[in-house]
There are 2 protein chains.
Amino acid sequence: MALTFFVEGLSCRVDERCIFFVTGNARKEVEVNAILREANIAPFRVVHVDIDLPELQGPLGDRGALDIARAKCLEASERVGAAVLVEDTSLSFPALGGLPGPYIKWFIDAIGNDGLWRLLETSDDRSAFCQCTLCYSSGPGAEPLLFVGRTDGAIVPPHASSGGGGFGWDAIFVPDGHEVPFAALSLKEKNAISHRARALEKFVAHCKRPLGLSEPPGRAEDA
Amino acid sequence: MALTFFVEGLSCRVDERCIFFVTGNARKEVEVNAILREANIAPFRVVHVDIDLPELQGPLGDRGALDIARAKCLEASERVGAAVLVEDTSLSFPALGGLPGPYIKWFIDAIGNDGLWRLLETSDDRSAFCQCTLCYSSGPGAEPLLFVGRTDGAIVPPHASSGGGGFGWDAIFVPDGHEVPFAALSLKEKNAISHRARALEKFVAHCKRPLGLSEPPGRAEDA
C-alpha cells in the first residue's frame, strides 16, 4: 500500500489505495461518487480521471457490451498504470433488434432525444432497457472484472415536464414502476434504481468481500 | 523487391510486390479484385487475407470514418507485417443526422434492410449516401494513406424485383441517375459508379503515379 500515484496531475495519499475512475463524462462522475460515498468502501478512494478512451465496435447484446467494456478497461489500466474503473452504457430498444445498444452516444449526437423518440413513435413496442457495464482492473495486465446493472423501462416523448435533471437520454426513459423519466427524479431517487447504481452495487459488494480487492481478479461477474 | 511474404498461409512470388487486402467479407474481395484486375496495377498483386479486425467507434461524418479506417489499417499492417489495404464502408441518412454511418453493419444485423427502410418510411427525406474509405499502408509503422469514394442515392423499400445480386444494403440503395438498386445491377455496372470503385480509382491513380508506391507515404488523400 506504500504507493503514491501521479496520474494526469492527480495523486493519492500514501496510506490509501486509489481506484481511478476513467471517464470523459463529468455527469457520470457525479453519480458514481454519490453512490460510492454512501457505500463507504474505504480504504479505497475513487479519483476521477478525465481521459476519452478509444472504444471498440462490437455486436449488439451482452457479448458486445462486455467485450467493449473489457477492451476499454485494459486500455485504461495501461494508460493510468494503476487500478481503474471504467463504465460503458447501452440503451436497447427491442423493437429495433437491440439498437441503439452500445452506439447510444452517437444516436444522441446525431438525432437527440427527439429523434430517438421518433424511431419508436409508430411502433407498438416502446419498451427499452439500459445497461451499465462496469469494469474493474487492479492494474496493468490484470484481467478485468465485469459488473452489469440493468434497468427496464419505456421510451416516452421528450416534454417540458420531464425536469431538467439527468443527462443524455434521461429525459425520455421512464423506468418500470415510475411515472416520470430519469430526468425528473432526484439524483438519490435515480441512484436507487438506475442501471449504473445496480452495477456499482455489485462492485461494492465485491470490494466488501472478506478478501476484498487483495483477492486476485480473473473471473467475470454476470458474464 | 526481393522479398517473400508468408501470411496466413499465403505467399507472394519473389519478383512481385504484394498488397494484402484485409477483410472478413468475401463479397468485398470479389468487387475489389474485379476492379483491380481491370486497372492493371502490376507489378503489384493484391492478395486477400481473411482477418476480422477490431474496429474503433468514432463520430458520424468524415472525421470518424477516416479515424476508424486509419486505426484498422495500422492494426492490419502490424498483424500482417506487410503492405496492406483495408476498407470501411458507411451508409448515411441525412434525415437521421448521418446514422447509421459507420455502424451500418450493426444496423443490418439488428433490423435488416426492411428495418432500415422503415426508419425512413415516414420521412420526407429518403436520400442516402454511401462512402468507402480505403486505407493503404506500405508496412508496419508507415503512416496510412486514405482514399475516399462516395455515391449518392436514395433508400427504397426492399422488393422482389431488386435482383439477387449485391450484399448488405445493396437491395435498398438506388444510386442517383438509376432506377434500380445496386443489387439489380451487374457487378460491372455497379463497379462503374459504386463508392468502393470510386475509392479504388483514387488508389489506382496513386499507384500509377511516376514514383508509385516507392514514394514515402504520409499524406492523406481526400482527408
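Computed from the coordinates by the stated procedures, all read-outs in this text should not be read as laboratory data. Here the structure is a predicted model, which is why all the values come from computation and not from measurement. Cβ placement follows ideal geometry from the backbone for every residue including glycine, while neighbour counts extend to all protein chains displayed.
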at B:G115 the sorted inter-copy label distances (label 7 Å from Cα on Cβ side), in nanometres, are 1.8
Relative to 2.2 N^0.38 Å, what does the C-alpha radius of gyration of segment A:6-214 come to as a ratio? Two decimals please. 1.03
Would you grab the residues whose amide H sits under 5 Å from the one on A:G101? Only those 5+ places off in sequence or on another chain, please, with H modelled 1.01 Å from N. A:L91, A:S92, A:F93
Note on segment A:6-214: contact order normalised by length, alpha-carbon pairs under 8 Å, 6 or more apart, percent, works out to 18 percent
Calculate the spin-label point distance for B:D176 paired with A:R27, positioning each point 7 Å from the Cα along the beta-carbon direction, and give it in nanometres. 3.7 nm
DSSP bridge pairs, segment A:6-214: antiparallel proportion in percent, nearest 5: 75 percent
Residue-by-residue Karplus 3J(HN,Hα) for segment B:54-70, coefficients 6.51, -1.76, 1.60, Hz, glycine and proline x: x, 10, 6, 7, x, x, 5, x, 4, 4, x, 4, 5, 4, 5, 5, 5
Over 21 Å (Cα to Cα) among B:K28/B:K72; B:K72/B:K105; A:K72/B:K28; B:K28/B:K202; A:K28/A:K190 -> A:K72/B:K28
Using the basic label-point model (7 angstrom from Cα toward the beta carbon), what is the A:K188 to B:D109 distance in nanometres? 4.2 nm
Cβ-vector label at 7 Å, A:E179, separations to other copies in nm: 5.8
Can you give me the distance in nm between label points at B:D125 and A:R209, each placed 7 Å from the Cα along the Cα-to-Cβ direction? 5.2 nm
How far is A:P94 from itself in the other copies, in nm, if each label sits 7 Å out from Cα along the Cα-Cβ line, shortest first? 3.7
